[in-house]
Structure formats: C-alpha cells, structure tokens
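The values are calculated or read from the model by the stated rules, or taken from the named source; none is laboratory data. In this text, all values refer to a predicted model and were calculated from it rather than measured experimentally. Using ideal geometry, Cβ is built from the backbone for each residue, glycine included, and neighbour counts are taken over all protein chains shown. With ligands, DNA and RNA removed, areas are computed over all heavy atoms of the protein, side chains included. Shrake-Rupley method; radii C 1.70, N 1.55, O 1.52, S 1.80 Å.
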Amino acid sequence: MCLQLVMALGAVVGASCSLLAQRVAEVAASGVLPFTAGGFIYLGTVTVLPELLRDPSPLQSLLQLLGLLGGMAMMVAIGQYE
C-alpha cells in the first residue's frame with residue numbers, strides 16, 4: 001500500500017511539473033507529458049491489470065479490461081485534441 005501511495009504521489013508530481021513546464025516552454029512540456037502518460041500506462045498494465053484479472057467471473061474481467069482500455073483511449077484523445 002505504501003508503494004502504491006508513492007507511485008500515486010509521483011503521478012501527481014509529474015502532472016504538476018507538466019502543467020508548470022507548459023507555462024515555461026512548449027518544448028519542456030513535450031518532454032514531460034509523455035513521461036507522465038507512460039507512468040500511468042505502466043501502473044495500469046503492471047500493477048492494476050493482474051489484480052483485475054484475478055476475478056473468477058469472465059464477464060467482470062472483460063468489463064474491467066474494457067474500462068481500462070477506455071481510460072487509455074481517453075488519454076490519447078485528450079492528447080490529440082488538446
């Protein structure tokens with residue numbers, strides 16, 4: 001739980017840095033935003049996904065996986081249209 005908290009705080013710090021960097025220069029933001037997005041994708045695939053797939057119900061696992069993929073698709077859409 002403590003490591004999960006540290007990872008979540010790292011994501012908040014990364015998002016804050018990206019917002020601050022966007023104000024400073026667009027070049028700095030282009031380097032920070034992919035790093036932050038990669039952290040979220042890493043957490044989703046390595047930490048959360050195995051926990052979601054432990055549920056014995058195939059329908060529940062499919063719904064959770066679709067929710068995870070939907071969240072990733074939203075991040076991509078926001079990145080493209082921002």
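Here are the numbers:
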| item | result |
| --- | --- |
| Qualifying positions in region 34-82 - assigned to a helix (DSSP H, G or I) and among the acidic types (Asp, Glu) | GLU51 |
| Whichever residue in region 15-43 is modelled with pLDDT of 75 or more and open to solvent by less than 50 Å² (accessible area, probe 1.4 Å) and, among such residues, is nearest to ALA77 (Cα to Cα) | ALA37 |
| Residue among GLN80, GLN64 that alone is at pLDDT 75 or above and over 23 Å from ALA8 (Cβ atoms) | GLN80 |
| Among (1) exposed (fewer than 14 other Cβ atoms within 10 Å of the Cβ); (2) in contact with a helix residue (DSSP H, G or I) (Cβ under 9 Å, 6 or more places away or on another chain), the one test that LEU59 misses | (2) |
| Region 54-82 residues that are among the polar types (S, T, N, Q), paired with ones that are surrounded by 10 or more Cβ atoms within 10 Å (Cβ to Cβ) and assigned to a helix (DSSP H, G or I) (beta carbon under 7 Å, 6 or more apart) | SER61/LEU52; GLN64/LEU52 |
